Every structure is written in structure tokens, then in C-alpha cells.
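Take a look at the structure below.
The values are calculated or read from the model by the stated rules, or taken from the named source; none is laboratory data. Computed from a prediction, not measured in an experiment: that's the story for all the values here. Here the Cβ is made from the backbone with ideal geometry for all residues, glycine too, and neighbour counts use every protein chain on show.
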Amino acid sequence: MAQYAIMRFAKHKGYAGALEAHHERTKAKYASNPNINTERSKYNFHIIKPTKSYKKEVDDRINAAGCRTRKDSVRYIDTIITASPIFFKGKSKEERRKFFETAVEFLSRKIGRKNIFTAVVHLDEKTPHIHLVFTPITKDGRLSAKDIIGNRDQLVKWQDDFFKHMVREFPDIERGESASRTGRKHIPTRVFKQAVKLTRQATIITDTLNSINPINAGKKKDEVLSMLNKFFPSMENFETQVKKYKRENTQLEKEKAALAEKAKAGEQRGVKEALKQSKLQSDYNNLKRFVDSLPEEIKQQAKQSRRAHLPER
């Protein structure tokens with residue numbers, strides 16, 4: 001089975017508090033990410049450890065370099081590096097550490113070690129991975145994600161160079177198929193997790209609605225309205241995310257049958273991810289049907305309740 005090395009970038013402009021809480025595991029619970037096993041968080045480790053808050057790490061580097069910034073400037077970039085789950089099977093603690101140290105060495109050469117302020121390995125989720133966060137400051141002291149990361153063609157070069165670097169130490173690693181070559185955007189993992197969470201909420205709401213009877217009607221109705229007040233804002237956000245990837249999902253729906261046949265035939269390259277993305281559209285359609293099936297009276301009351309809780313402008 002293929003063992004791909006994976007590296008992805010996410011650009012950030014604003015406050016880094018939520019990212020820091022996730023990466024540094026500063027919260028007791030992570031309701032938004034049920035895959036985190038907090039009992040295993042003690043096994044996470046840093047290759048590069050931040051010495052202050054992420055915000056201060058970013059601000060200090062930008063100020064020290066004398067960078068000019070705008071409101072929409074990309075101030076830091078979160079890089080996630082991992083490999084196919086099969087790659088890590090049977091690997092010792094030292095071998096896993098070596099994989100991530102090799103990856104950090106690659107990034108240090110490409111962007112400059114002084115730009116990196118954290119590189120933390122997470123072993124408390126299903127697949128080991130590292131989050132490396134850096135400020136995109138050029139050698140001549142400019143804050144420019146465009147110059148550091150580049151356009152689509154340059155991202156392909158990044159992936160090629162990353163593969164060449166990693167394969168020297170890990171000959172079994174393969175070069176993953178780039179979204180730039182397939183023409184398909186990568187859909188972030190958080191969107192899939194959002195679908196799972198919303199589907200779970202929809203099931204609970206449906207069960208509560210079905211349990212209403214003349215005796216408990218008032219109490220159960222209040223429970224449903226309370227749940228819908230949380231569900232609808234999340235659903236609106238999810239809908240926005242799905243629409244961003246509409247072209248990818250439409251194409252995958254058309255390819256679904258062919259992909260399933262490929263999977264049966266043992267052709268795994270890209271099939272698993274593509275089928276997962278296709279399921280996202282199916283989950284979205286099911287959630288839309290759930291919303292449409294809600295009694296109009298309940299929907300109107302939920303809207304009125306939400307408006308009543310919105311802060312005055």
C-alpha cells in the first residue's frame with residue numbers, strides 16, 4: 001500500500017489564540033475535535049518550542065525585521081506534515097521522531113530557522129503529525145507569504161523538493177499527487193469533522209422531536225429550540241464551506257461510481273480521499289433535508305430566539 005509524505009500550508013492573518021490552544025493542548029477538552037485523546041497528549045513533544053505566546057512570537061519577529069504590514073497581511077503560516085497511516089505502523093519512537101526532525105530540517109532550510117517559532121508533534125490523534133508555524137519573512141526583511149510560498153506552480157515545486165528531501169532518509173515514501181496537478185482543491189479536515197458533528201446534532205434533535213408527547217411538550221420543545229440555536233449558526237458556516245468546494249464535490253459525485261470500481265480493483269492512489277470528499281456532499285444533502293423537514297413553526301421560533309440573543313448594535 002502507498003506511503004505518502006504529506007505537507008500542507010494554511011495562511012493566517014489574525015489572532016493566533018485558537019491555533020495556539022489547539023497546537024499546544026492548553027484546553028482540558030476539545031469538543032470540536034473528538035479525535036484528540038487527551039490521555040495520550042503527554043506523549044506529544046516539541047522539536048522547536050515557543051518561548052512566549054504565539055501572538056508575541058509573531059509580533060516580535062515582524063517588529064525585529066522592521067516589516068511593513070497591512071490589515072490583510074498574512075502574518076503566520078501553519079504547516080502540517082504527516083504521512084499515510086500505514087507509514088507509521090511498526091515504527092519505533094525514535095524512527096517517528098527522525099521523520100519529523102527530517103521534515104523540520106527541510107523547512108528550516110527553505111524558510112529560515114529564525115522564522116519558525118513552534119514545531120510540535122501530536123501523537124494523541126489517529127495519525128501522528130507535526131504542526132510547524134512560521135512568519136513568512138523574506139531574506140530582505142519583508143513580510144510576504146506570496147514570496148515565501150508562491151503560486152500554484154511554486155507549490156508543486158515545494159512538494160517535489162519536500163519529497164526529494166524526505167525520500168533520502170525514508171526510501172519507502174512516495175510523492176503524493178498534488179492538487180495543482182489534479183485540478184482539485186484540498187478540502188480541510190475540519191470541514192469533514194464539521195459534517196460529522198452536525199449530523200450527530202441533527203440525530204439528537206430528531207430523536208427529541210420524535211419523543212414529544214402531550215405531557216412533556218413544553219420541556220422537549222424548549223430543548224429542541226436550545227439545540228437549534230447552536231445548530232443553525234454551525235450549519236450556516238458549514239454551508240459556506242461546502243459552497244467553496246462546489247466544483248470539486250460536483251465532479252466527485254460524477255466520478256463516484258468509477259472511483260468505487262477502482263477501489264474494488266485495488267487501485268488506492270487518490271481513491272480513498274476522493275471518496276471521502278464525495279461523501280461530504282452526501283452529508284451536506286442529508287443535513288439540508290433535515291432542515292427542510294423541521295416543522296415551520298419550530299424553525300420560526302428558533303429564528304426569533306436567535307435574534308433575541310444577538311447583541312444590539
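Let's see how each residue does on (1) in contact (Cβ under 8 Å) with a residue 40 or more places away in the chain; (2) among the charged types (D, E, K, R); (3) farther than 21 Å from His129 by Cβ; (4) out of contact with any Ser or Thr (no Cβ under 6 Å at 6 or more places or on another chain):
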residue: Arg61; (1), (2), (3), (4): yes, yes, yes, no
residue: Thr82; (1), (2), (3), (4): yes, no, no, no
residue: Lys93; (1), (2), (3), (4): no, yes, no, yes
residue: Phe99; (1), (2), (3), (4): yes, no, no, yes
residue: Ser108; (1), (2), (3), (4): no, no, no, yes
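Checking the condition modelled with pLDDT under 90, loosely packed, with under 15 Cβ neighbours inside 10 Å and among the hydroxyl-bearing types (Ser, Thr, Tyr), which residue from Thr206, Thr182 passes?
One residue alone meets the criteria, Thr182.
What's the number of the condition Ile111 fails, among (1) farther than 25 Å from Ile173 by Cβ; (2) more than 22 Å from the chain's Cα centre (by Cα); (3) buried (at least 20 other Cβ atoms within 10 Å of the Cβ)?
Single failed check for Ile111: (1).
Can you name the number of the only condition in (1) modelled with pLDDT of 85 or more; (2) surrounded by 13 or more Cβ atoms within 10 Å (Cβ to Cβ) that Tyr4 fails?
If we test Tyr4 against (1) modelled with pLDDT of 85 or more; (2) surrounded by 13 or more Cβ atoms within 10 Å (Cβ to Cβ), just (1) comes out false.
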